[in-house]
1. Among the numbered criteria (1) without any contact (Cβ under 8 Å) to a residue 60 or more places away in the chain; (2) surrounded by fewer than 18 Cβ atoms within 10 Å (Cβ to Cβ), which single criterion is violated by residue B:108?
2. So, in the range B:441-461, exactly how many residues are modelled with pLDDT under 85 and more than 7 Å from chain A (Cβ to nearest Cβ)?
3. Which one of these is more than 20 Å from the chain's Cα centre (by Cα) and in a helix (DSSP H, G or I): A:156, A:169?
4. Identify all residues within the range A:105-134 that are touching a residue at least 24 places away in the same chain (Cβ under 8 Å) and facing chain B (nearest Cβ under 7 Å); write none if there are none.
5. For residue B:598, state whether it is touching a helix residue (DSSP H, G or I) at 6+ places or on another chain (Cβ under 8 Å), within 11 Å of chain A (Cβ to nearest Cβ) and without any contact (Cβ under 8 Å) to a residue 60 or more places away in the chain.
6. Can you tell me which residues in the range B:552-567 are buried (at least 20 other Cβ atoms within 10 Å of the Cβ) and more than 7 Å from chain A (Cβ to nearest Cβ)?
7. What strands (runs of 3 or more DSSP E), lying completely within the range B:27-80, carry at least 3 residues that are farther than 30 Å from residue B:497 by Cα?
8. Within the range B:539-551, track down each residue that is surrounded by 22 or more Cβ atoms within 10 Å (Cβ to Cβ) and at the interface with chain A (Cβ under 7 Å from one of its Cβ atoms).
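The values are calculated or read from the model by the stated rules, or taken from the named source; none is laboratory data. Note that the structure is predicted; figures quoted are calculated from it, not measured. Heads up, the Cβs are rebuilt from the backbone with ideal geometry, glycines too, and the neighbour counts pull from every protein chain shown.
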């Protein structure tokens, strides 16, 4: 049997729960601080404006591109390489009195008429300012609804202390992932938002596997303290946690490297989220459940048998 | 016996695998570059058209893979995309105006697969290239216009009825109109007169500064109807214009109360698309010149006061240049049936239009009147002075005989069928006052980027999957092979289900969702296998360990997946475009992975190891 990890005895995770909590609090405070100072580098989806991506035959000189655009009455254009030196992304803020959909065409015309050789239109995006606000609102709403639904589901399936623990862990993951995006000023667009919700799903997945074990062990082991039960459960599930995080990280790295520039933000958010999520399902979720006073008594009156018991027929 | 599946479970599993393979199969056949010829107004695609297309191709030296007439459209499959471009150029210039020639990719799905509803995955705009527009109807403007209309109509109605009033104006800030009278008596008379004629309005009166003020406001219902009308009008106009563009599979769909989504896959020239969508249309009523013979006119003997226009079916009509009325006086036009069930179109004019119509028809009873539809379409070419060249397209929409003196509302009868009535009403409304529309969101993906996105997505998926498969094999040996088999079938199933579900489209984030599913799908197997290892370590027999491993892991897997499913559903509910694509693949991936990684792997494990009591060691 080939194993990544094998515990001879129960690892005492909860012994470090205090420093871990401080670490988490530090990370959250840090994230909130950078969020309050830098906020997020909102992508076009949320700010509104126009984005034009063009492909050049020759590697493009950004200074020349900027000069050309300045002449064409776009001095405020943000010009940068996107993916490779042949591709250039131009971003423009919404303008008063000018129809947004015209800007894209004008920028493209300006570049095609200048002396850059063949210039291909690869992508034009225009988002009106109101639409941007709506998208941001809907996105925030989605995360909040997701958290509430999960809280309800986990409360129904487990117990409110565990449910609170899992929601703390989720909030922890989201805040820290946002913090990293804020700190490095990575662009936050709709795909990143989707990734953030996927992080919620993934991190919860991890937490639930651990909680399921905790519940099982509470029922089986009458003599152990809650800390010992949690330690025991975490040790038992550790290799699974590591393997699943590992395989998910494999595919995400592959997505990051090969998936192209459009999907970078998505892969980045998920990679961060999975690192933080793996950590939080061990420390934040379990230790907050202990702080909330989870005990054997909370698990016993629930007569609901494991779902697996009566499901055997289909297996 | 432990770990044995009854036969029916294998049959069921085999059936599911077969169905998935069957529906995933069309994706293997690829697509042919094709040209789609369809008819616009007047023209009809017939077998003769098909012959013509074939001869055009022959002249151009292109031999197509196939050319067929299906559902009133001609589909020509070609061998290369170079052929496609040349063919389109030739066909569209030879066939001329009545036909739309669109570039398309036609799936080369075999007929027997098509017969069971099979077809390849539908690709989102970010993968196939194209334009996505979100347009917003200016509802405030629509309401203001309706309000102005009310002021005009009420004023002329009261004057006609000789009810004296001091003043009339829009009630700014509300959706109503204020009328001022000198005494209560006149006010009451006005109310008695107006109320039965103006359903959908609320009447309230009060005394203010010695004046008797009547406020007439639209009810919520009326307001809603006005907004709905404005949206529907824009929707039908956009649909007509999109057909002009020659796009193979366009989408024009309302979104919410005031928005319209327009998606044009594969279109290259977006500037032209925007102009055509923004084209303006108008309408004119002309008297028909019944003195001049049509054949004489065609031969050039045309009085200077007349002009020839063509009807929709190509029939020429000689009309007088004199304009009775222009379309901006039309307030509304609805198709309906008269008391004998014959189709008709009811037209309402504003007060000015009503009096013009009344004056003209009074002395022209029994004479024919033509409705001319005029549309200004940019050709996409530029004139020498840098301005866009605009093409004026004129067409007689209808010729009707004037039966009586007409007023503000009248009807056009003598139409052939309900469809024609509906079309005419639509054209008439197109000339009416329309709430302005503007593009609030645009996403254009060039064709090269679309292709690159597909390549990137497939590459990312392949390498990610290879890494996972290799790891699972090294770590779990034979059981790893079982898990990998399930993983591969999971991908086939996702593709099969996505191809089967009509509304599902694959987007770039969708591919990311599948890649993510690959990473997370093995989680269920990891949970099960780790559990089996634990049971083995605890000293249970091989068969007991397998049984317990699956049983104990099940509820954990179910809980974990249901919560992820919740997030996927929420993403789908609030997300737009690409995000929806991600949510769809994520949700489908969760469902199929539960099936393959629990039911599927168990079936294999049971078949290979199950029930054999002589096994001492598992390759796990």
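1. Status for residue B:108: all satisfied but (1).
2. 1
3. A:156
4. Listed by number, the residues that qualify are A:120, A:121, A:122, A:123, A:124, A:125, A:126, A:127, A:128, A:130, A:131.
5. It is false that residue B:598 is touching a helix residue (DSSP H, G or I) at 6+ places or on another chain (Cβ under 8 Å), within 11 Å of chain A (Cβ to nearest Cβ) and without any contact (Cβ under 8 Å) to a residue 60 or more places away in the chain.
6. Listed by number, the residues that qualify are B:553, B:557, B:561.
7. So the answer is B:31-39.
8. Correct list: B:550 only.
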